[in-house]
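In what follows, a single structure is set out as structure tokens and then discussed.
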Amino acid sequence: MIKMGGRDTDIVLLDENGIRSDGRKINETRKVSITAGVLKNANGSAYIEFGENKILVGVYGPRDVHPKHLSDSDTGILRCRYHMAPFSVGERKNPAPSRREIEISKVIKEALEPAVMLKEFPRTAVDVFMEVLQADGGTRCAALTGASVALADAGIPMRDLVAGCAAGKAADTVILDVNNEEDQAGQADLPIGYMPNLEKITLLQLDGVLTPDEYKKCIEIGIDGCKQVYEIQKKALQDKYFSKGDND
Amino acid sequence: MGSSKIIDQLKKNQILELLKEGKRIDGRALDEVRELTIDVGVIPKAEGSARARLGDTEVVAGVKVQPERPFPDTGDQGMLICTAEILPIAHNDVETGPPGPPVVELARVTDRGIRESKMLDMKQLVLEKNKSVIGVFCDNAVTDHDGNLFDACSYATTAAINSCKIPKYEMKDDAPVKIENEFDKPPISTLPVSVTMAKIGDYIIVDPNFDEWSIMDARITITTNSDGNVVALQKGGQDGFTQDNLIKCAEISIRVGSKIRDIIKESSSGVN
């Protein structure tokens, strides 16, 4: 019996030429495209496609805090809601927030907090709403990536952007940017959120088994993936704010 | 609210001053875990149980084992569900009611450590494929909160499952019937152990107590298995870690975790 650690599957996750089920090389991310400023009402917004993931992010604030007792006289607060649309996955998802979504909202909030200069806005809240319209593995990294761009688009002062990308293990090989198939049938998934200028990891989770060496390798290539994603984030902001009129 | 923030700031200053001299407020070394005692079999009506006391943090974990209808996509595997709740007797700040995000996270991190380590060989917990499987439910009740609930729940859960007994069933007319007083050992393949570290300033400390927990900048929980591999991980808190921090934290977790694994093994010696 072949024991790969993941679920039994007929899919070939990695062929003899080192090509993955969706045609990528082991250290290649999916195609990422980001558009900043896609919503009219939100103070900042972004639409991100991360492979087959499609996620819309809206930012409101700094604004009054309701309920009021949550407000803090020393600092602004960041609130994040990660939510999956019922039609975003194969079988309809119950629209009520699941425990998984509550946890992801929390880890994304804690991944963004180091980047956002909340002390500038005491007694206010900045609300980040991430709506997953279509999910295909790696939604938390994609949502985090989009959220950073939306926060920047809202003009919230930030120390850095946070870029997200997962590393993992499938077919006994360390791979970059785990897709849904690889997550289901693979051996490990290690999502990373990274601030490229401050060189700090602000989101990190893992499920699956990694040896200490594989763990190091995953963090290394994951950070590398985040740096690639960061370039696309910057481009999205440049496209919106600098490309019209003059081209420098 | 206002005054407690000032106290937290003063506390943080004091903790940081001590850390500069390599000391902690309770006298421990930076990589020293509080005293851990584990008693198994404390709830005879549960098929497995453990009380873990980590310093002044205490958790009671109970395992219930019962036949279940399998999930449609995993008819060839048993069922495993771990939960955690913080009881109102555990701390002045605990409120009753539906769990907030921190408690949801605690329960999910506890579950993930056990599940992802494949501690239990789920294929051995099938009564009849696609019809009936054995469900293992491990529920954690935090009874005393002095920080680092993640690790206390991890140790209690691992010890409770490791020392549990699986009732025997026979299939009669497509339904599982329990055979009284006959038990199997649980199909244990590895013992997952989490180690939580807090980052305070530039210092990394192991097993933060309540005071350290309340002022830390960020935390990381790393779960390792008996082979010394990393099986689950959770970062939390309002700051980040450098790449070097993460490598160092994994090394600490493997080293400290293996000592804790010995305590867990010791606690259930003689049971199975």
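The values are calculated or read from the model by the stated rules, or taken from the named source; none is laboratory data. Nothing here was measured: the structure is a model prediction, and the numbers come from that model. FYI the Cβ positions are ideal-geometry reconstructions off the backbone, even for glycines, and counts take in every protein chain you see.
Evaluated against (1) surrounded by fewer than 24 Cβ atoms within 10 Å (Cβ to Cβ); (2) hydrophobic (A, V, I, L, M, F, W, C); (3) within 17 Å of the chain's Cα centre (by Cα), A:LEU198 falls short on exactly one condition, (3).
Sort out which residues of the stretch B:199-224 are hydrophobic (A, V, I, L, M, F, W, C), farther than 29 Å from B:VAL63 by Cβ and in contact (Cβ under 8 Å) with a residue 24 or more places away in the chain, and write them in order of number. Selection gives B:ILE200, B:ILE204, B:ILE205, B:ILE215.
Is the stretch B:50-71 home to any residue that is under 30 Å from B:GLU170 (Cα atoms), within 14 Å of chain A (Cβ to nearest Cβ) and within 13 Å of the chain's Cα centre (by Cα)? Taking every residue of the stretch B:50-71 in turn, none turns out to be under 30 Å from B:GLU170 (Cα atoms), within 14 Å of chain A (Cβ to nearest Cβ) and within 13 Å of the chain's Cα centre (by Cα).
Between B:THR196, B:THR143, which is assigned to a strand (DSSP E or B), away from chain A (no Cβ under 14 Å) and polar (S, T, N, Q)? Give the derivation first.
Details: B:THR196 fails: away from chain A (no Cβ under 14 Å).
That would be B:THR143, the only listed residue that is assigned to a strand (DSSP E or B), away from chain A (no Cβ under 14 Å) and polar (S, T, N, Q).
Residues in the stretch B:201-248 that are of a type in the set (Gly, Ala, Ser) and not in a loop (DSSP other than H, G, I, E, B): B:SER214, B:ALA218, B:ALA232, B:GLY236.
The lone criterion from (1) assigned to a loop (DSSP other than H, G, I, E, B); (2) farther than 25 Å from A:GLY222 by Cβ left unmet by A:GLY137 is number (2). Within the stretch A:27-44, being surrounded by 14 or more Cβ atoms within 10 Å (Cβ to Cβ) and out of contact with any Gly (no Cβ under 6 Å at 6 or more places or on another chain) holds for A:ASN27, A:GLU28, A:VAL32, A:ILE34, A:THR35, A:ALA36, A:GLY37, A:VAL38, A:ASN43, A:GLY44.
Can you pull out the strands (runs of 3 or more DSSP E) entirely within the stretch A:43-125 that have at least 2 residues that are under 23 Å from A:TYR194 (Cβ atoms) and either polar (S, T, N, Q) or within 12 Å of another protein chain (Cβ to nearest Cβ) (or both)?
Details: elements: A:44-50, A:53-64, A:77-84.
Qualifying strands (runs of 3 or more DSSP E): A:77-84.
Do we have any residue at all in the stretch A:89-109 that's closer than 14 Å to A:GLY61 by Cβ and either in contact (Cβ under 8 Å) with a residue 40 or more places away in the chain or surrounded by fewer than 24 Cβ atoms within 10 Å (Cβ to Cβ) (or both)? Yes, the stretch A:89-109 contains a residue that is closer than 14 Å to A:GLY61 by Cβ and either in contact (Cβ under 8 Å) with a residue 40 or more places away in the chain or surrounded by fewer than 24 Cβ atoms within 10 Å (Cβ to Cβ) (or both). Report yes if some residue within the stretch B:224-240 is away from chain A (no Cβ under 14 Å) and surrounded by fewer than 23 Cβ atoms within 10 Å (Cβ to Cβ); otherwise report no. Checked against the condition, which is being away from chain A (no Cβ under 14 Å) and surrounded by fewer than 23 Cβ atoms within 10 Å (Cβ to Cβ), the stretch B:224-240 yields no hits at all. Of all the numbered requirements in (1) crowded, with 21+ Cβ neighbours inside 10 Å; (2) more than 19 Å from A:GLY222 (Cβ to Cβ); (3) touching a Phe, Trp or Tyr at 6+ places or on another chain (Cβ under 7 Å), B:PRO176 misses one, and that requirement is (1).
When you look at B:ASN209, is it more than 10 Å from chain A (Cβ to nearest Cβ) and either at pLDDT below 95 or surrounded by fewer than 17 Cβ atoms within 10 Å (Cβ to Cβ) (or both), yes or no? If you could, list the steps in order and put the result at the bottom.
On the way: more than 10 Å from chain A (Cβ to nearest Cβ): yes; either at pLDDT below 95 or surrounded by fewer than 17 Cβ atoms within 10 Å (Cβ to Cβ) (or both): no.
For B:ASN209, the condition - more than 10 Å from chain A (Cβ to nearest Cβ) and either at pLDDT below 95 or surrounded by fewer than 17 Cβ atoms within 10 Å (Cβ to Cβ) (or both) - is not met.
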